[in-house]
Amino acid sequence: MLKAGFIGFGRMGITHFSILNTHPLVNIAAVCDQSSTMLNTIKKYTGTRIYSDYRKMINEEALDFVVISTPSDSHSEIIQSAIDNNLHTFTEKPFALTVADGRETLAHLENKSLVNQVGYVNRFNEVFMEVKKLLETGVIGDVKNFSSEMYGATVLKDSKTSWRGKKNTGGGCMYEFASHCIDLVLYLLGQPDKVVGSIMQSIYSSDVEDMVSSTFIYNNGYSGTIMVNWSDESYRKPANIVTIFGTKGKIVADKHAYKIFLKEADQANKFHEGWNTRYITDFAKSVRFYVRGNEFSRQLDYFVNCIEQKRTDNIASFAEALKTDVVMEEITSDAARSPATNDVVVESSPILPNCTKQLSIWAKCLKLIGRTTHA
């Protein structure tokens with residue numbers, strides 16, 4: 001039986017608790033949070049031991065692993081403490097707020113055989129897992145271009161009192177929202193060699209960005225764009241949409257299904273010429289416990305399985321997550337050099353191509369005709 005400790009008990013902490021609390025190999029020994037109301041509720045209804053200081057919890061409980069679901073700016077410190085106490089660690093994204101902090105944290109793992117994983121849940125979604133297999137087998141030929149988009153109605157007013165609306169606590173669309181979109185690109189297509197044309201813009205927020213767009217360049221001949229907006233109320237739930245164009249065809253995918261267009265039939269994969277649609281229900285396998293989506297249970301069961309099998313080759317490891325942090329830092333630096341950043345509010349539109357160069361031109365044209373809208 002593996003003894004688990006939870007650090008942070010907000011929305012994601014509760015989600016992870018509900019999944020692991022039903023795991024036959026896991027015993028949740030303790031929970032740490034800053035809210036006395038939350039802690040008293042946990043103690044009353046679950047009998048789980050409670051702490052307000054994670055250091056005390058780690059020192060007093062003989063834990064095997066911890067699950068970290070705290071605000072982003074605290075991740076590095078808590079992860080390093082967990083590693084130094086020889087605990088396997090699952091943390092919510094992002095891994096770190098700076099590349100320097102991420103590298104320092106990785107250094108703590110040297111000579112330690114500890115399972116480490118970041119909650120980039122798209123890597124465990126079966127549609128995206130299937131898309132990755134199709135790309136690896138070359139079904140659509142050589143990749144030439146892609147787009148990765150993410151939209152949601154997460155922020156529809158200035159969240160001044162929440163950590164998500166404050167830059168110094170790791171708030172903002174980039175680390176809280178776009179990180180999933182960016183990590184999905186890295187999972188499917190690898191880390192870009194260059195980041196250009198980046199724009200970060202506010203819509204409602206006064207201290208952080210609500211939109212992020214950028215272009216990724218790869219030395220092997222293809223490129224793509226990301227477009228992320230967490231203030232788009234036309235979406236009831238967050239949506240990830242990936243489009244990948246290749247020499248033999250094209251894939252369009254979200255978390256629920258994918259469509260693949262092929263110039264010629266592919267008998268091995270049972271695809272005919274033209275459009276083929278596969279829904280997640282066509283190939284998904286049931287999970288042990290369902291909440292919010294199969295991928296949430298799958299990622300945690302995978303983490304526990306790695307601990308049981310003493311495997312450290314995790315597909316969502318700290319080292320993999322650091323690559324996403326690198327790209328986010330590059331986007332931020334690139335956007336700081338763009339005159340379009342924070343100059344205009346750009347709303348999602350089906351007639352506006354997801355291309356940062358065109359976004360910049362559009363912004364300049366608006367300025368010329370005196371129609372610029374300030375955030």
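Nothing in this text is a laboratory measurement; each read-out follows from the coordinates by a stated rule. Keep in mind the model is a prediction, meaning the values are calculated, not measured. Positions of Cβ are backbone-derived with ideal geometry, glycine not excepted, and every protein chain shown enters the neighbour counts.
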Problem set entry | Inter-part distance where the range 46-86 and the range 243-283 are each reduced to a Cα centre, Å | 43
For this session: Give the order of Trp230, Trp163 when sorted by the count of other beta carbons within 10 angstrom, beginning with the fewest.
Result: Trp163, Trp230
Problem set entry | Peptides 286-292, 88-94, 299-305, 166-172 ordered by average Cβ neighbours within 10 Å, highest first | 88-94, 299-305, 166-172, 286-292
Seminar exercise, completed: Rounded to the angstrom and largest first, Cα extents along the principal axes for the range 1-156 equal 55, 38, 36
Problem set entry | the chain: relative contact order in percent, alpha carbon pairs under 8 Å with at least 6 residues between | 18
Seminar exercise, completed: Given Cβ charges of +1 for Lys and Arg and -1 for Asp and Glu, the option among Leu97, Asn59, Ala4 whose Cα lies farthest towards the positive end of the dipole of the chain is Ala4
Problem set entry | Neighbour-count ranking [beta-carbon atoms within 10 angstrom, fewest first] of His23, His16, His256, His180 | His256, His23, His180, His16
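Among Ile68, Ile241, rank each residue by its count of other Cβ atoms within 10 Å, from fewest to most, as a rough exposure measure.
Listing Ile68, Ile241 from fewest to most nearby Cβ atoms yields Ile241, Ile68.
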For this session: Quote the FRET efficiency, to the nearest 0.05, computed for Lys144 versus Asp282 with a Förster distance R0 of 25 Å and r equal to the Cβ-Cβ distance.
Result: 0.35
Exercise. Give me the log10 of I(q) over I(0) for the range 75-155 at q = 0.22, 0.23, 0.25, 0.27 Å⁻¹, as the Debye formula computes it from C-alpha points; what are the numbers?
Worked result: -1.00, -1.03, -1.12, -1.24
Seminar exercise, completed: Excluding residues fewer than 8 positions from Lys323 in its own chain, the lysines with Cα under 19 Å of it are Lys93, Lys132, Lys194
For this session: Only Lys, Arg, Asp and Glu count, each charged at its Cβ (+1, +1, -1, -1), so figure out the dipole size of the range 123-283 about its Cα centre, rounded to 20 debye.
Result: 120
